[in-house]
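Bear in mind these aren't lab numbers, they're just calculated from the coordinates by the rules spelled out. This structure is a prediction, so every number in the text was calculated from the model and none was measured. Please note: Cβ atoms are built from the backbone with ideal geometry, for glycine as well, and neighbour counts cover all protein chains shown.
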Amino acid sequence: MSLGFSWLRRKGGDVVIQRAGAVVTVLRGGRAAQFLEEVTADDDQQVMARWTGSYRFGNERQAREHPRNRGRRGSGR
């Protein structure tokens, strides 16, 4: 499943993550190295969604209604 993310590695070792052609974030140093390990070992689209914070895909309501979360006050209530 493609979520529209792409990434590229710059000469200096920085990693640029883009979505729909727009730069979402730039990772440097150890974070860039950690990202590269994860993205090659797992589903690249999901990894990039997690690293950029774009991981909400409509299941928040289900999670809010889960028994362990009942009674908690979250954002959006």
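Observations on the structure shown:
- Three-way shape label, segment 5-54, alpha-carbon gyration tensor, a/c 1.5: oblate
- You can think of it this way: the chain between Arg50 and Ala20 has 9.2 nm of extra reach, that is 0.36 nm per residue less the Cα-Cα gap.
- Here the simple spin-label model places points 7 Å from the Cα toward Cβ, and for Leu3 and Asp42 these points are separated by 1.0 nm.
- For segment 16-31, Karplus couplings with θ = phi - 60° (6.51, -1.76, 1.60), whole Hz, Gly/Pro x: 9, 9, 10, 9, 6, x, 9, 5, 9, 7, 10, 9, 10, x, x, 5
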